[in-house]
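Report on the structure given below.
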Amino acid sequence: MKVDLHCHSFFSDGKQSPDFLVNRAIENGVTHLAITDHDCTDGLDAIAVDTTGISIVPGVEISCHWNALEIHVVGLLVDPAADDLRRLLTAQQLSRRQRIQAIDAKLAAAGTAGLSAYLEGLPCVAGTRSHVADFLVAQQVCKSRQKAFKTHLNKRGKIYVSANWCNLAEGIAAIKAAGGIAIIAHPGRYALNKTKLAMLVDDFKAAGGEALEGTYSSIDPVMRKHLRDLAIDRSMYLSVGSDFHDAGAQWTDIGKFPVLDSIALTSAIWLHPKWQARYT
């Protein structure tokens, strides 16, 4: 078994279609693939290629607020049609559109119009700041996406607009109500020291969260061990995923990330009863 339980299609901020993701996963020997687009599950219904030989794990990645910080929560094995989840994702998508509109107004006032029209020409359901960065590069306002975030889209940026996400408990509750497993996405990428990361994990578990991503693309070996120990100490599961967005990015690919070590494997997400009931 080879799994990748975190990747993105062009329905959120990925560059490729769901069919591309499935075919790439098969090429790379992946047996279980979760498409976890930001605040939408549209990619699951868009898969048209032959999925013989691979299991598509229904997933989503929900943006949440926790202590004034944006935390991403992956939901696996969710029912995309579940009412609570649909309501939350509809609200999240509305918040995204409103944020983009506010950014568009700031950009237009500064002399660069057309952001909303640009996004309407894309297949994305959940617009993100990454789309705005691409627009800024296309309009030659910025030389690169990295520069766009640094000068325009980060908190001190020229066109920054704060996000209006659900809180952590709401995101977890929607995933659980849809029959899924809630997982903290890429825990080592947040601006948290070890004490605050432990606080996040404790609050996450108290709200019904069950797992952490224990390994992902570009993770530091020290952080990988720390996350393993955090999860085991708190009797939580460890998930895995590339967080794939773009076939043009050389540092990541579907199914390509450090594997869980022998100790971490004792808490692997595929040992969860919900996974066992579905895939064994």
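Before moving on, here are some points about what is shown:
- Between Val259 and Ala102, the FRET efficiency estimated from the beta carbon spacing at R0 = 51 angstrom works out to 0.75.
- Scalar couplings 3J(HN,Hα) for the range 217-225, obtained by applying the Karplus form with A = 6.51, B = -1.76, C = 1.60 to θ = phi - 60°, are 4, 6, 5, 6, x, 5, 5, 4, 5 Hz; x denotes Gly and Pro.
- Ranked packing of 258-264, 211-217, 231-237, most packed first, by mean Cβ within 10 Å: 211-217, 231-237, 258-264
- Those residues of the range 231-248 whose amide nitrogen sits under 19 Å from the label point placed on Arg145, 7 Å along Cα→Cβ: 241-248
- Relative contact order of the chain, taken over Cα pairs closer than 8 Å and 6 or more residues apart, is 21 percent.
- Distance between modelled label sites at Thr280 and Asn154, nm, 7 Å Cα→Cβ extension: 4.5 nm
- Residue-wise HN-Hα coupling along the range 198-213, computed from phi with Karplus coefficients 6.51, -1.76, 1.60 (Hz; x: Gly, Pro): 5, 4, 4, 4, 5, 5, 4, 5, 4, 8, x, x, 10, 8, 10, 6
- Exposure proxy shown here: for Met199, Met223, Met1, the number of other Cβ atoms within 10 Å sets the order, fewest to most, as Met1, Met199, Met223.
- Put in line by how crowded their Cβ is, counting other Cβ atoms within 10 Å and starting with the fewest, Asp104, Asp19 read Asp19, Asp104.
- Each of Phe20, Phe10, Phe244 was scored by other Cβ atoms within 10 Å of its Cβ. Arranged with the fewest first, they read Phe20, Phe10, Phe244.
- With R₀ fixed at 30 Å, the C-beta to C-beta distance from Lys196 to Ala109 puts the FRET efficiency at about 0.25.
- Taken about its Cα centre, the chain carries a charge dipole of about 1020 debye when Lys and Arg each add +1 at the Cβ and Asp and Glu each add -1 at the Cβ.
- The loop-placed trypsin sites (Lys or Arg not before Pro) in the range 108-150, going by DSSP, that have at most 12 neighbouring Cβ atoms within 10 Å of their Cβ come out as Lys143.
- In the structure shown, the pairs Lys147/Lys256; Lys15/Lys150; Lys143/Lys196; Lys143/Lys225 are assessed against 25 Å; a Cα-Cα span above that value is assigned to Lys147/Lys256; Lys143/Lys196; Lys143/Lys225.
- Amide H contacts of His6 (H built 1.01 Å from N, under 5 Å, at least 5 apart or other chain): Ala34, Ser242, Asp243
- Thr266/Asp50 FRET efficiency (R0 45 Å; Cβ-Cβ; nearest 0.05): 0.85
- Take each peptide in 183-193, 266-276, count the other Cβ atoms within 10 Å of every residue, and average; sorted highest first, the result is 183-193, 266-276.
- Amide H contacts for Asn167 (H built 1.01 Å from N in the peptide plane; partners 5 or more residues away or on another chain; cut-off under 5 Å): His65.
- Residues whose amide H comes within less than 5 Å of that of Asp39, counting only those at least five positions distant or on another chain, are Glu61, Ile62, Ser63 (H built at 1.01 Å from N in the peptide plane).
None of the figures in this text is laboratory data; all of them are computed from the coordinates on show. The shown structure was predicted, so the numbers you read here are calculated from the model rather than taken from an experiment. All Cβ positions, glycine included, derive from the backbone under ideal geometry; neighbour counts span all protein chains shown.
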